[in-house]
Amino acid sequence: MSIDELLLRYKSGERNFKGVNLIGSYLNGVNLSGANLHGATICEADLSQANLMGADLTEASLVGANLSGADLSGANLSGAKLYEAKLTGAVLKKAELKMAHLIDADLTAAELLEANLYGAYTIGATWDGAIMPDGNIYK
């Protein structure tokens with residue numbers, strides 16, 4: 001599915017894009033709030049400043065994706081592969097990140113207030129200035 005087709009279908013009210021392949025796509029600033037992207041392949045994509053509030057990204061592959069400044073509030077990223085993803089300044093308030101793979105991810109200045117990181121793999125992740133689930137700022 002092309003980006004244009006996805007955005008057109010989203011605009012017409014469709015929300016189910018389960019398993020879609022968006023490798024390397026440029027989706028800067030798009031609104032995909034509430035979209036079902038369960039198991040989607042979105043590696044190396046630019047989703048900076050995107051609105052993904054409440055999106056289902058369960059088990060999605062976001063390896064190397066740029067999610068800088070994206071709003072992922074309430075999104076479900078359980079089991080998502082976010083190896084080397086750039087999440088600087090991303091809003092992950094109340095996001096589900098259970099068993100997510102955040103290995104070598106950059107979460108500098110990300111907001112994770114009330115996020116669920118249970119069992120998340122975070123080896124090599126950068127947290128400088130991130131607001132952690134308990135409200136403390138990582139130093």
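The values are calculated or read from the model by the stated rules, or taken from the named source; none is laboratory data. Nothing here was measured: the structure is a model prediction, and the numbers come from that model. For neighbour counting, all protein chains shown are included, and Cβ atoms are generated from backbone atoms with ideal geometry for every residue, glycine included. These area figures cover heavy atoms from the full protein model, side chains too; ligands, DNA and RNA do not enter into them. Shrake-Rupley method; radii C 1.70, N 1.55, O 1.52, S 1.80 Å.
Along the principal axes of its C-alpha atoms, what lengths does region 7-64 span, in descending order and rounded to whole Å?
The principal-axis extents, from largest down, are 29, 21, 18 Å.
Please compute the per residue accessible area over region 30-139 with all protein chains in place, 1.4 Å probe, rounded to a whole number of Å².
Details: 4520 Å² over 110 residues.
With all protein chains present, region 30-139 gives 41 Å² per residue.
Just read off the accessible area of Leu32 with the full protein assembly in place, 1.4 Å probe, to the nearest 10 Å².
That residue has around 0 Å² of solvent-accessible surface.
How many percent of DSSP beta bridges within region 79-139 run antiparallel, rounded to 5?
Details: 1 of 8 bridges.
Just about 10 percent of them are antiparallel.
Per residue of region 114-126, what does 6.51 cos²θ - 1.76 cosθ + 1.60 with θ = phi - 60° give for ³J(HN,Hα)? Whole Hz please, x for Gly and Pro, Karplus curve as stated.
6, 6, 9, 9, 4, x, 5, 8, 10, 4, x, 6, 9
Could you tell me how far the Cα centroid of region 106-139 sits from the Cα centroid of region 15-46, in Å?
A separation of 23 Å, based on Cα centres.
Give me a comma-separated list of calculated 3J(HN,Hα) values for region 37-53, in order, Karplus coefficients 6.51, -1.76, 1.60 applied at θ = phi - 60°, integers in Hz, x for any Gly or Pro.
Running phi through 6.51 cos²θ - 1.76 cosθ + 1.60 with θ = phi - 60° gives 10, 4, x, 5, 10, 10, 5, 6, 8, 9, 10, 4, 6, 6, 9, 10, 4 Hz.
Quick one: dipole size for region 1-98, taken about the Cα centre, charges +1 on Lys/Arg Cβ and -1 on Asp/Glu Cβ, in debye to the nearest 20.
Roughly 260 debye, rounded to the nearest 20.
Indicate, rounded to the nearest 5 percent, the antiparallel portion of the DSSP beta bridges found entirely in the chain.
5
Report, to the nearest whole %, how much of the accessible area of region 1-107 belongs to carbon and sulfur atoms, 1.4 Å probe, protein only. Can you show the working numbers first?
Values: 2150 of 4520 Å².
Summing carbon and sulfur atoms, their accessible area is 47 percent of the total for region 1-107.
Can you pull the semi-axes for the chain, root of five times each eigenvalue of the Cα gyration tensor, sorted largest first, whole Å?
Each semi-axis is the square root of five times an eigenvalue, giving 24, 14, 13 Å.
Rounded to the nearest 10 Å², what accessible area does Met1 have for a 1.4 Å probe in the complete protein model?
My reading of the accessible area for Met1 is about 90 Å².
I'd like the accessible area for Tyr10, computed on protein heavy atoms only with a 1.4 Å probe and all protein chains in place. Round to 10 Å², please.
About 20 Å², rounded to the nearest 10.
Through the Karplus equation 6.51 cos²θ - 1.76 cosθ + 1.60, θ set to phi - 60°, convert the phi angles of region 131-139 into ³J(HN,Hα) values in whole Hz; use x for Gly and Pro.
Result, rounded to whole Hz: 8, 7, x, 8, x, 6, 9, 6, 10.
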